[in-house]
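Remarks on the structure that follows.
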DNA sequence: AAAGTGTATATTGTCAACAATATATCGAAT
DNA sequence: ATTCGATATATTGTTGACAATATACACTTT
């Protein structure tokens, strides 16, 4: 009997379909399964998730509010397209928020958490050594996530995560140069040193600068890509255009 | 014929019902027509707006993402309840974002915009002189809105506005003491001076401190209210409780 | 009177259907 | 061959309906 009861409890959904669809759609956008500008066909998505259009639309309204999805009246929902200028602005915000988080951490972080950050930095070194840019990217995200969780500041956490999510709308630059990774991880080291020293103002400055340096690295990587694209002028552009349905 | 065409265009809705309902609900929450904790009956709201439950639910999902509304499975939507700790965190975020905005303004603001800010400060002086706390509150909001618009930074604008909206979930302290209003406006003056001087770092610090000073004033006003409530212990509390349906 | 129990009502979460609008397809004209 | 226009299809925005769940109410028991 006890088992039946627990089964019944387990079977009873603890989440609305909207919440499930929303999480999955968000994931698909953030990891790039859905690309900026893609049209989101309600029926197709509903069918894919095994639900009706209602929950899908509700989920998309939430994602619209999170700036991940845009809408045109009578044309439906699209994965938001984001301009380089908007990306640059997001870096601005991330910088001030991350500065705040780091300053706060300097006076509150535990020895265990510091050790975990050190370990994460070591792992990133390994990724750099093996030239695994994708893995470095993943670890870097995890490092930042660790810090914002440790800061124990819900509002900052939420704001920062939302900004990170938005920035994923830009195509990921998987081709991370080793030199840039080294630079980035060196900044991590200096930041953690400041945290260990309990120097809030230094931590704020380093956190802030780390994000802005990330923007410089992003811009450099975009410039490089553009240069490569320019060296193969007519053919590549046309081929790319046909893929996107607009 | 031209008239018919323009009529047809005017008649054709330029917005979805969801967007209209969302704006109206947001307004009702922010101005306090709907109070924190209030249950949002879908049918009643749909009837009130002359639409069906679909658009109402979509609007609420968006507001949920904006942190204005919360949801409990099978119990529906509620105006979000916000704790003093959460309010305090929002002030933290507002402070760093407003600091950023002010720093940016220092190097970009036009003479006209500066004149408009001066005028707004004068108006606030008038409100203080007449002891009109509500009007001061309104003008203060408008002053901040002016500055964030001038900053011409979409991301900061959106982040800041969202934080302001959230903070409206806390019951407004209409009983603003004249001394606090004077203090607040003096901070406005110093800030605008820094903007005129083009001193970005000073502007950042003053913008930051102005928000944090606002938090101190808010806390003081809460403490005062609590003291008043404590002096009338049993009766008032019970009467208030019956009004709220839970 | 208070607490518990069972029934009726209300409300939500989800779905399916419909009208309005947009997109795609096809043929005719230049 | 392209452009234009008319028709057919697809998709959206919105509505009303239905089952599952929660709330309110009357009734019994202590």
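Here's a check for you: in segment B:34-51, which residue that is in contact with a helix residue (DSSP H, G or I) (Cβ under 6 Å, 6 or more places away or on another chain) and near DNA strand C (Cβ under 9 Å from one of its atoms) is farthest from residue B:17 (Cα to Cα)?
Here is the first cut: in segment B:34-51, the ones in contact with a helix residue (DSSP H, G or I) (Cβ under 6 Å, 6 or more places away or on another chain) are B:34, B:42, B:45-46, B:49, B:51.
Going one step further and asking which of them are near DNA strand C (Cβ under 9 Å from one of its atoms), we end up with B:42, B:45-46.
Details: B:42: 14, B:45: 13, B:46: 11 Å.
Filtering segment B:34-51 for residues that are in contact with a helix residue (DSSP H, G or I) (Cβ under 6 Å, 6 or more places away or on another chain) and near DNA strand C (Cβ under 9 Å from one of its atoms), the one farthest from residue B:17 (Cα to Cα) comes out as B:42.
Only residues that are free of Cβ contacts under 8 Å to residues at least 12 places away in the same chain and within 16 Å of DNA strand C (Cβ to nearest atom): list them for segment B:20-33, please.
Across segment B:20-33, the qualifying residue is only B:28.
Of everything in segment A:153-172, what is facing chain B (nearest Cβ under 9 Å) and surrounded by fewer than 17 Cβ atoms within 10 Å (Cβ to Cβ)? Give them in sequence order.
First, pick out the residues of segment A:153-172 that are facing chain B (nearest Cβ under 9 Å): A:153-156, A:158-159, A:162-163, A:166.
Of everything in segment A:153-172, those that are facing chain B (nearest Cβ under 9 Å) and surrounded by fewer than 17 Cβ atoms within 10 Å (Cβ to Cβ) turn out to be A:154, A:158.
Is there a residue being within 12 Å of another protein chain (Cβ to nearest Cβ) and in contact with a strand residue (DSSP E or B) (Cβ under 6 Å, 6 or more places away or on another chain) anywhere in segment A:51-61? Steps first, answer last, please.
Step one: filter segment A:51-61 for residues within 12 Å of another protein chain (Cβ to nearest Cβ), giving A:52-61.
Pick out the ones that are also in contact with a strand residue (DSSP E or B) (Cβ under 6 Å, 6 or more places away or on another chain) and you get A:60.
Looking through segment A:51-61, at least one residue is within 12 Å of another protein chain (Cβ to nearest Cβ) and in contact with a strand residue (DSSP E or B) (Cβ under 6 Å, 6 or more places away or on another chain).
Kindly list, by first and then second residue, each pair from a residue in segment A:74-85 that is in contact (Cβ under 8 Å) with a residue 24 or more places away in the chain to a residue that is within 16 Å of DNA strand C (Cβ to nearest atom) and in a helix (DSSP H, G or I), limited to pairs with Cβ atoms under 7 Å and residues at least 6 apart or on different chains.
A:76/A:42; A:77/A:60
Inspect segment A:109-126 for any residue being within 14 Å of chain B (Cβ to nearest Cβ) and in contact (Cβ under 8 Å) with a residue 60 or more places away in the chain and give the result as yes or no.
In the first step, residues of segment A:109-126 are kept if they are within 14 Å of chain B (Cβ to nearest Cβ); the result is none.
There is no residue in segment A:109-126 that is within 14 Å of chain B (Cβ to nearest Cβ) and in contact (Cβ under 8 Å) with a residue 60 or more places away in the chain.
Looking at segment B:67-78, is at least one residue surrounded by 12 or more Cβ atoms within 10 Å (Cβ to Cβ) and farther than 26 Å from residue A:13 by Cβ?
Here is the first cut: in segment B:67-78, the ones surrounded by 12 or more Cβ atoms within 10 Å (Cβ to Cβ) are B:67-71, B:76-78.
Then keep just the ones that are farther than 26 Å from residue A:13 by Cβ; that gives none.
No: zero hits.
Within 14 Å of DNA strand D (Cβ to nearest atom) and either at pLDDT below 95 or within 27 Å of residue B:90 (Cβ to Cβ) (or both), is that true of residue B:19?
When the stated conditions are applied, residue B:19 passes them.
Does segment A:92-108 include one or more residues that are crowded, with 22+ Cβ neighbours inside 10 Å, within 26 Å of residue B:19 (Cβ to Cβ) and within 13 Å of another protein chain (Cβ to nearest Cβ)?
Yes: segment A:92-108 contains one or more residues that are crowded, with 22+ Cβ neighbours inside 10 Å, within 26 Å of residue B:19 (Cβ to Cβ) and within 13 Å of another protein chain (Cβ to nearest Cβ).
What are the residues in segment B:158-189 that are free of Cβ contacts under 8 Å to residues at least 40 places away in the same chain and in contact with a helix residue (DSSP H, G or I) (Cβ under 6 Å, 6 or more places away or on another chain), if any? Write out each step before concluding.
Looking only at segment B:158-189, we keep the residues that are free of Cβ contacts under 8 Å to residues at least 40 places away in the same chain, and these are B:158, B:161, B:179, B:183, B:186-187.
Matches in segment B:158-189: B:187 only.
Out of B:95, B:36, B:66, B:88, which single residue is in contact with a strand residue (DSSP E or B) (Cβ under 9 Å, 6 or more places away or on another chain), away from DNA strand D (no atom under 16 Å from the Cβ), closer than 26 Å to residue A:156 by Cα and in contact (Cβ under 8 Å) with a residue 40 or more places away in the chain?
On the way: B:95 fails: in contact with a strand residue (DSSP E or B) (Cβ under 9 Å, 6 or more places away or on another chain); B:66 fails: in contact with a strand residue (DSSP E or B) (Cβ under 9 Å, 6 or more places away or on another chain); B:88 fails: in contact with a strand residue (DSSP E or B) (Cβ under 9 Å, 6 or more places away or on another chain).
Answer to the selection: B:36.
Tell me which residues, restricted to segment A:62-83, are more than 9 Å from every other protein chain (Cβ to nearest Cβ) and more than 9 Å from DNA strand C (Cβ to nearest atom).
Of everything in segment A:62-83, those that are more than 9 Å from every other protein chain (Cβ to nearest Cβ) and more than 9 Å from DNA strand C (Cβ to nearest atom) turn out to be A:68, A:69, A:70, A:77, A:78, A:79, A:80, A:81, A:82, A:83.
The values are calculated or read from the model by the stated rules, or taken from the named source; none is laboratory data. These numbers come from a predicted model, not from an experiment. No Cβ is skipped: glycine too gets one built from the backbone with ideal geometry, and neighbour counts run over all protein chains shown.
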